[in-house]
1. Name the residue, out of Leu499, Leu488, Leu463, that is touching a strand residue (DSSP E or B) at 6+ places or on another chain (Cβ under 9 Å), hydrophobic (A, V, I, L, M, F, W, C) and in contact (Cβ under 8 Å) with a residue 60 or more places away in the chain.
2. For segment 669-690, give me the residue count where each residue is open to solvent by 40 Å² or more (accessible area, probe 1.4 Å) and either modelled with pLDDT under 95 or not β-branched (Val, Ile, Thr) (or both).
3. Name the single residue that is farthest from Lys71 (Cα to Cα) among those in segment 168-177 being of a type outside the set (A, V, I, L, M, F, W, C) and either under 32 Å from the mean Cα position of the chain (by Cα) or surrounded by fewer than 17 Cβ atoms within 10 Å (Cβ to Cβ) (or both).
4. Just to be sure before I move on: is Val403 in a strand (DSSP E or B) and β-branched (Val, Ile, Thr) in the structure I sent?
5. Taking the conditions exactly as written (open to solvent by 10 Å² or more (accessible area, probe 1.4 Å) and either closer than 21 Å to Ser435 by Cα or at pLDDT 95 or above (or both)), does Ala88 satisfy them or not?
6. Starting from segment 354-367, keep only residues that are within 11 Å of Ser213 (Cα to Cα), then list their pairs with residues that are assigned to a loop (DSSP other than H, G, I, E, B) and open to solvent by 10 Å² or more (accessible area, probe 1.4 Å) whose Cβ atoms are within a distance under 7 Å, requiring at least 6 positions of separation or different chains.
7. Could you name every one of the strands (runs of 3 or more DSSP E) located completely within segment 302-386 that has at least 3 residues being within 21 Å of Phe272 (Cα to Cα) and at pLDDT below 70?
8. Ser180: open to solvent by less than 50 Å² (accessible area, probe 1.4 Å), among the polar types (S, T, N, Q) and modelled with pLDDT of 90 or more, yes or no?
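The values are calculated or read from the model by the stated rules, or taken from the named source; none is laboratory data. Because the structure is predicted, anything quoted here is derived from the model rather than measured. Counting neighbours? That spans all protein chains shown, and the Cβs are built from the backbone with ideal geometry, glycine included. Ligands, DNA and RNA are stripped out before the accessible areas are found, and what is left, the full protein with its side chains, is counted by its heavy atoms. Shrake-Rupley method; radii C 1.70, N 1.55, O 1.52, S 1.80 Å.
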Amino acid sequence: MVIEKIIVRNFRLLKDFSIDLEDALSLVIGKNNVGKTSLLLILDQFLGAKGEAKRSIKFNDLNLDAQEQLKNLMINPLVEENAYSPVAISLRLIISYTDADILANVSPLLMDLDVDNHYLAIGFDFYLPYEGYKELHSLCAAQRAKFDAKYQEKAPKPEFNFIGFLEDNSICRFQQIRKSIKIEKDGTIDEDNYIDIKDIQGFKMENVILFQSIGARRDVDNRDVDKTLSTKTSDLYKAIEETAEQIEAKEKFLDQLRETDTQLTDIYSDIFADIVEKIKKFGGVTPNDTIIKVISSLQHRELLKGNTTVKYEHDNKDLPENFNGLGYMNLISIIFDIDLIMKRFAKIKEGGGLADINLLFIEEPEAHTHPQMQYVFIKNIKELLNEGVKDDHGNCRPLQYIVSTHSSHIVADSDYDDIKYLHRVTGKNEVEAKSLKTLSKVYENKDHLRFLKQYITINRSELFFADKAILIEGDTERILLPAIIKKLDVAEPAVKPTLSLLSQNISIIEAGAHAEIFVKLLNFLGLMKVLVLTDFDCCSSEGHHPKVKYEHGKNQVTSNTALKFFYGNDTNSDTLAAKTENDKRFVWDEANGKMTVYNDGTYMVCFQTSENGYQPRSFEDDFMALNKDFVLEKDFTERAVKTGFKEGFDTVDKAYEAAEKVESKAAFAFEILLNSKEMTLPNGNKDPFGGWAIPSYIKEGLVWLRK
């Protein structure tokens, strides 16, 4: 029995939100402020463990559109009860079960006796009932009348603050209901057909679902926990032990404590052996880098502050826990929390035994940890949690767990199909969740999908957390693009409110000339802008299309697959060379499965354009033409270019021949940087890579991307 889907409505940005869960790990990713913490909070609000205090829902937890709906109900005349639609924050859990599951706990919730229907829907609503709405509407009318009377002669007359009124008066009139809702075998929910769970005699929700969480705000700063009384008694003991009269008594006390410490430490080694072994697996680069011990510390003044402490082993010496780095402290804290939670799962259920569903949410486990440790965490956490929940009688239930993260390193070491991607819906006060395994329905070419799964998770997981992306050809652009971006930002600073490129969240992807493979993924991720930097790549239109220098009127074509993807059959070199900036911006035409030229499109494809009257075909060709003097003046080694590459390079139109003598594109790019020098620009800024200019096509694209 598992939760297949969570549906949330009107809670913060989770306006009309649904997320599919995997049977074990669901890895929830996305940029900041896309609802990951909100998902945790709404689950905790309605499913928090029995006996734990819950955070109160506030007015501002209502989605902004729901707040506006409530405001309009106050502005307009009172509606009749049969026309009233309650404003509500709601949670729906879609549960599936198999014939092998024991249904004793959920049988009171089942509303369909069809043996082929293996679904159950549990709902939680925090809503404004009609009577509460009537009270609120009446109170609002009274306060508005009082406000109007007070300010009727003031000019300009201020407006009544409906939102302020609702913040103060609305939430106290909301009510909560838990219900089992009719769900068809195809997953369709009949919201009007439900059972109020409070009417089911003897039913306990914790027998069906238990929820626990480990939040991101973990106390791992190693400061003493505030235990006021213990601290005071310890301070009092310290004052007493320093008097001469107490010395003899103190020595006897200490002797006894040392003997007891030795005995208790041996006992603790057995008690905590299991958790210590689990922590060893998370060592990071060095095996057993997180060996810890739990030892007795019944030592005089510390006795009243706590009689155990955690120490860690380093070079066969036991050091205090606060000597450990925050990363290890965070990791160890999570493992301790998990072990404690697993024991809670085994004991919380009413009357003993295990709940049917156990759900754990771990928020941002990467805090304070370096990349290698993040890899280790996600690799080992599955092994730790896949053991499931066990009780003392040998019974076992699987554990479903959600891990939310901003870490591209955790994503890189996760299964592609476990990933749930959250992002803001453009122009709306809401977010949506997308399961990456649904991409299999988008990509007809399964080789492309297989390549993307491997490439993105291994090389470019940060794409999932980006706002914009740049697709580049290869090594040359990868090496030089950071320097080029810096050059542009200092030479032509962004005008507010536009941010500099270096301050924007941009992912750079080496796509070669195969941008078309990435497009469906980029559409799926909903990035704001995508810049494609590719090569003109002119060639002969005859035979096997050999590479040639561009010459106007020679019926040449491009061999570049990215340009063919964007422009379709419009690949004549003369036609491409004449393209203006407006001809390079595109939008994805979903209906026809192709790119369409569109001035406000989210894609822009940039390739070499005329430099000083000369049309280059590659980056090296372009750089040579634009920076002829720089190339001729500087020393480039034979690792980068062939001997004598400068010979005959007397005019710009000889750039193609010079570029053909580049021995290694990567080495040439590195040596461009090595031959650069810091220069003060006319605007007073310093260009750390002075002496050469940015190729026009790259500058054109970056200026567009920066906006």
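1. Leu463
2. Of the residues in segment 669-690, 13 are open to solvent by 40 Å² or more (accessible area, probe 1.4 Å) and either modelled with pLDDT under 95 or not β-branched (Val, Ile, Thr) (or both).
3. Top of the filtered list is Gln176.
4. It is true that Val403 is in a strand (DSSP E or B) and β-branched (Val, Ile, Thr).
5. For Ala88, the condition - open to solvent by 10 Å² or more (accessible area, probe 1.4 Å) and either closer than 21 Å to Ser435 by Cα or at pLDDT 95 or above (or both) - is met.
6. Within 7 Å, the pairs are Glu363/Gly215; Glu363/Ala216.
7. Correct list: 308-314, 317-320.
8. Judged against the criteria, Ser180 is a match.
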